[in-house]
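Read through the structure below, which is laid out as structure tokens, and then see the notes.
The values are calculated or read from the model by the stated rules, or taken from the named source; none is laboratory data. Note that the coordinates shown come from a computational prediction; the quantities given were computed from them, not determined experimentally. So basically every Cβ, Gly included, is an ideal-geometry build from the backbone, and we count neighbours across all protein chains shown.
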Amino acid sequence: MTPEEIESAVEAGMPQTVEDLTRLVTIPSVAFPGHAEAPVLEAAALTERLLRSAGLPEVRQIPVEGSYPAVYGEAPAPPGAPTVLLYAHYDVQPAGDTALWRTPPFEPTVVDGAMYGRGAADDKSGVMTHVAALRAFQGRFPVGIKVIVEGQEEYAGERLEDFVEANPELVRADAMVIADCGNPRVGEPALTTSLRGMAAFTVEVRTLAEAVHSGAFGGAAPDALSALMRMLTAMHDDNGDVRVPGLARGVFPGASDSEDEFRATAGVLDGVSLVGTGSLADRLWASYAITVTGLDVPTVTGAINAVQAVARARVTVRIPASGDAKTALNDVTGYLEKVAPWGVKVSFSDFVTGSGFQAGAEGPARGAVERALERAFGRAPRQVGQGGSIPLVATLARRFPAAEILLYGAEDEGAAIHAPNERVDLEELRRIITAEALFLAEYGAGR
């Protein structure tokens, strides 16, 4: 197919693409504990049907131990052509507080050319990118195709990593497309070349056998909450830079948005300064970041006058691609033990780690996808990093060092993934689908 024929096929298929994305987003496929299993399995079944509709001769669900099934599809390569692995995930984050949504999270709604709904961007847009790009070829694919769509990436995604380690031939390919990223802004194409890894844990502080009256004991009895607060704030200096020994600053080779653009995207309030020093690209994509993501303490409503005996916090560490997650975990927990005041009892639990990723030198797949993105968007893509983690990518990079791994997608920094009012811009989705189809055609012709 010519580029013009591919563009026309994608454009003609967009009504069906939007209809299918609507069906996917309607399903509350939250794969977190405590949520119903049936919708997740329903999303797997629909994903299977969609991949069949894309012309793949072999499509099936594959059990993943301790997780929801992955949906797998495959088509053999034409003689002499390379094989491309396409990855996405069909599970989504919980909706959170539905009162903060302007439209119901699982009733996809199109407003001003964007579809709103949980998972519309992350990552059901990735599922539809692959389906719609493959449909453009009507079953005559220019490369070998392998598709794997995961069912529990948002929670405990490392289970697919174990599956890949045990079944490497199932996903072996010359190029691997991870459609779970996006662009800085709508209409500005980008390739993600760096992912931060992550580590997370729960820290608990105990000081007393039980809470005691603050009037009778306050001033001498050690307060677990005060101790924990001192420990947590000790991890950053007055500028907001991480000061845990061993967590060195890094340098990112590309540029990020301006500070004003970042403030607008992040919703930073007027008069509130950003934290940290150095360039935004260095802070966001090449350096460590520590965030307290949860606290177990008495709520303000119903609080009683008591010195607290126990307090807990959930801490997440984002790790540059050059760092090691387990080492960083040890550095942070060791530092918290060191700065703990008053001899309080400190314990750690619920550890999670995931490695980062740094793309290698440019190869034929990278060149083809850059040209495809430039044609689809009308401007050359730029190189960006991503602060989030995709557990599978580091495993693929380690297991298949010769494969080129390409990260892009229809998400953008305004898509509100993991937040209320998540949305995907439908024109952005069309451009990404077009780019993927153009990439497959050029990559197949050039090898």
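Values computed for the structure shown
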{"read-out": "Residue under evaluation residue 272, criteria (1) over 30 Å from residue 207 (Cβ atoms); (2) in contact with a Gly (Cβ under 9 Å, 6 or more places away or on another chain); (3) modelled with pLDDT of 95 or more, criterion not met", "value": "(2)"}
{"read-out": "Matching residues in region 239-261 - criterion: being at pLDDT below 90, out of contact with any strand residue (DSSP E or B) (no Cβ under 9 Å at 6 or more places or on another chain) and buried (at least 16 other Cβ atoms within 10 Å of the Cβ)", "value": "250"}
{"read-out": "Residue pairs meeting the criteria (Cβ under 7 Å; at least 6 apart or on separate chains; first part of a loop (DSSP other than H, G, I, E, B), in region 355-381; second surrounded by fewer than 18 Cβ atoms within 10 Å (Cβ to Cβ) and at pLDDT 95 or above)", "value": "380/374; 381/374"}
{"read-out": "Hey, residue 301 of a type in the set (Ser, Thr, Tyr), assigned by TED's automatic domain parsing to the domain that holds residue 343 and more than 21 Å from residue 201 (Cα to Cα) or not", "value": "yes"}
{"read-out": "Residue 331 vs. criteria outside any helix (DSSP H, G or I) and acidic (Asp, Glu)", "value": "no"}
{"read-out": "Residue list for region 84-135, filter: assigned to a loop (DSSP other than H, G, I, E, B) and in contact with a Leu (Cβ under 8 Å, 6 or more places away or on another chain)", "value": "90, 108, 113, 119, 120"}
{"read-out": "Single residue of region 267-320 satisfying the filter (of a type in the set (Gly, Ala, Ser) and outside any loop (DSSP other than H, G, I, E, B)) that is surrounded by the fewest Cβ atoms within 10 Å (Cβ to Cβ)", "value": "294"}
{"read-out": "Inter-residue pairs, beta-carbon under 7 Å, first farther than 25 Å from residue 351 by Cα and in region 195-220, second surrounded by 15 or more Cβ atoms within 10 Å (Cβ to Cβ) and of a type in the set (S, T, N, Q), 6+ apart", "value": "211/308"}
{"read-out": "Which numbered condition residue 164 misses (of (1) in contact with a Pro (Cβ under 9 Å, 6 or more places away or on another chain); (2) in the same structural domain as residue 81 (by TED's automatic domain parsing); (3) in a helix (DSSP H, G or I))", "value": "(1)"}
{"read-out": "Matching residues, region 175-187, being assigned to a loop (DSSP other than H, G, I, E, B) and either of a type in the set (Gly, Ala, Ser) or touching a helix residue (DSSP H, G or I) at 6+ places or on another chain (Cβ under 7 Å) (or both)", "value": "179, 180, 186, 187"}
{"read-out": "Any hit, region 383-396, residues being outside the structural domain of residue 324 (by TED's automatic domain parsing), crowded, with 17+ Cβ neighbours inside 10 Å, modelled with pLDDT of 95 or more and not acidic (Asp, Glu)", "value": "no"}
{"read-out": "Tally, over region 43-61, of residues that are touching a Pro at 6+ places or on another chain (Cβ under 6 Å) and of a type in the set (A, V, I, L, M)", "value": "1"}
{"read-out": "Which listed residue is surrounded by fewer than 14 Cβ atoms within 10 Å (Cβ to Cβ), assigned by TED's automatic domain parsing to the domain that holds residue 204, farther than 22 Å from residue 190 by Cβ and among the acidic types (Asp, Glu), from 350, 331", "value": "350"}
